[in-house]
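Remarks on the structure that follows.
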Amino acid sequence: MALAAVPAPVLRPSPAAAEPAYSFAAGPARLPDAVLARAGEALFARGGDGAAAIERPFTGDAFRATLAHARERLAALLALPANYRILFMAGGAMQHFSLLPMNLLGASRRAAYADSGYWSRRAIDEGWKQAAVSVVATPPAGAPAAPDVSPGSGWDIPADAAYCHLTPNETADGVAWAALPDTGAVPLVADVTSCFLAAPLDVSRFGLLYAGAQKNIGPAGLSVVVVRDDLLERARPELPAPFSYAVQAAQDSCVTTPPTAAIQLAALVFDWIAERGGLPAMAAANAAKAARLYGFIDASGGFYTAPVRRDCRSPVNVRFHLADSVQDAVFAAEAERRGLFHLRGHPRVGGLRASLYNAMPMTGVDALVDFMADFMRRRG
Ligand SMILES: *Cc1c(COP(=O)(O)O)cnc(C)c1O
């Protein structure tokens, strides 16, 4: 039986052809323009060996050189202390919700988790499948915000907890932690999927960091793990080899064929970040974009509302809403006609959300603010 042809996607062009369109999607998210411009040649052009980069064997010298370059660039961007390893693994962030207890529980059955919103709760739900979970912090009452970390705020981390997990940037809720808790001898583990490489980060505060690539690193299908050496010793020998952080570390992330194309694209993104001045430059640009958008919202006289408590507003996932949800839908639909896409909030949270990761230029924020001002003039 003949298969019907797959219909071509219908892409609505931005009406004013000269105006660039922007995707504010939370993930997979926009990649830097310069990376897209280089990717065709770097990944898809055949070389003298008859292979394009995405066709080369993962055991060959060419891919291994790219892998080493990606690892070294990332280590330099993070100012990575010598006792940490970088792993490039297949799969998304959620896979680490399970790999984490598998690899880190060791002899303990207990793990501590902070609840700060949607994604930390998803991590907790998966944690329960393997560990006795102690939820050691919850969001405060009132406006959406991260748990209190001030001394005496009541964090009671069991001494036998194998790790304490938190989500420093809650992508769906638009909530960022302003400070990290002191977890004493219990290693701090963080899902940094939506804030990795958006600002400098003191890796030495953490036992382990993990991120799905598709927010701020590269395309979907890849995840990055940064792990302190001593935690690798906890891996039980019966773990499946591709799921073992220790085996992956020992075999240079090549236990199984790694997502080679995604790693090569990530390497281009790391180069781009380095060329632009590294993580301090990313942080400065992200802060300027966030200030522009939140500043406009706050000055709109209540037409637009940013519901997150000010000190916990995410610089990269800006959540806002209008007076009612019907208006939010009208706003999102009209924005698309102006070339501004994927502004609907996370389905569980509602409202609107503009994700402004590293690759979003200020011109994208300017275009959004111009549209918001125009929408307010017409509807306010
Ligand atoms: C997007 C996201 C996830 C889910 O990532 P997948 O790669 O789809 O599993 C998990 N945590 C955070 C903080 C996220 O932003």
Report task. Considering every residue within region 207-229, establish whether at least one is assigned by TED's automatic domain parsing to the domain that holds A93, assigned to a helix (DSSP H, G or I) and in contact (Cβ under 8 Å) with a residue 12 or more places away in the chain. Result -> yes
Requested in this report: Scan region 180-200 residue by residue and report those that are more than 9 Å from the ligand (Cβ to nearest atom) and touching a strand residue (DSSP E or B) at 6+ places or on another chain (Cβ under 6 Å).
Outcome: T183, V186, P187, L188, V189, A190, F196
Report task. Working only within region 209-225, note down all residues that are buried (at least 24 other Cβ atoms within 10 Å of the Cβ) and of a type in the set (A, V, I, L, M). Result -> L209, A211, A213, I217, L222, V224
Query raised in the report: Out of the residues in region 154-191 that are hydroxyl-bearing (S, T, Y) and over 30 Å from R353 (Cα atoms), which is modelled with the lowest pLDDT?
Result: T183
Report summary line: Matching residues in region 325-369 (assigned to a helix (DSSP H, G or I) and touching a residue at least 60 places away in the same chain (Cβ under 8 Å)) number 10
Report task. For region 227-234, state whether one or more residues are within 16 Å of the ligand (Cβ to nearest atom), within 21 Å of the chain's Cα centre (by Cα) and not aromatic (F, W, Y). Result -> no
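Within region 319-350, track down each residue that is among the hydrophobic types (A, V, I, L, M, F, W, C) and closer than 21 Å to R377 by Cβ. Give the steps one after another, and end with the answer.
Applying the first criterion (among the hydrophobic types (A, V, I, L, M, F, W, C)) to region 319-350 yields 320, 322-323, 326, 329-333, 335, 340-341, 343, 349.
F320, L322, A323, V326, A329, V330, F331, A332, A333, A335, L340, L343 - these are the residues of region 319-350 that are among the hydrophobic types (A, V, I, L, M, F, W, C) and closer than 21 Å to R377 by Cβ.
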Query raised in the report: Can you name the condition, by its number, that A249 falls short on among (1) aliphatic (A, V, I, L, M); (2) in contact with a Lys or Arg (Cβ under 7 Å, 6 or more places away or on another chain); (3) outside any helix (DSSP H, G or I)?
Result: (3)
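Of a type outside the set (A, V, I, L, M, F, W, C) and farther than 19 Å from L78 by Cα: which single residue out of G152, G207 fits that description? Steps first, answer last, please.
Details: G207 fails: farther than 19 Å from L78 by Cα.
Just a single option satisfies the conditions, and that option is G152.
Within region 5-23, does at least one residue satisfy the condition of being modelled with pLDDT of 95 or more and not polar (S, T, N, Q)?
yes
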Requested in this report: For region 295-315, name all the residues that are in contact with a helix residue (DSSP H, G or I) (Cβ under 9 Å, 6 or more places away or on another chain) and either surrounded by 18 or more Cβ atoms within 10 Å (Cβ to Cβ) or among the polar types (S, T, N, Q) (or both).
Outcome: F296, I297, S300, Y304, T305, A306, R313, S314, P315
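For region 252-271, what are the residues that are outside any helix (DSSP H, G or I) and on the phi < 0 side of the Ramachandran plot?
Those that are outside any helix (DSSP H, G or I) and on the phi < 0 side of the Ramachandran plot: C254, V255, T256, T257, P258, P259.
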Report task. State all residues of region 49-69 that are part of a helix (DSSP H, G or I), among the acidic types (D, E) and exposed (fewer than 14 other Cβ atoms within 10 Å of the Cβ); if no residue qualifies, say none. Result -> D61
**Report entry** Subset of region 70-100 that is crowded, with 17+ Cβ neighbours inside 10 Å and in contact with an Asp or Glu (Cβ under 8 Å, 6 or more places away or on another chain) - its residue that is farthest from A132 (Cα to Cα)
**Finding:** R73
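Which strands (runs of 3 or more DSSP E) sit wholly inside region 79-179 and have at least 1 residues that are of a type in the set (S, T, N, Q), away from the ligand (no atom under 11 Å from the Cβ) and over 30 Å from A250 (Cβ atoms)?
132-137
The values are calculated or read from the model by the stated rules, or taken from the named source; none is laboratory data. As the structure is a computational prediction, the values presented were derived from the model and not from experiment. Ideal geometry is used to build each Cβ from the backbone, glycine not excepted, and the neighbour counts take in all protein chains shown.
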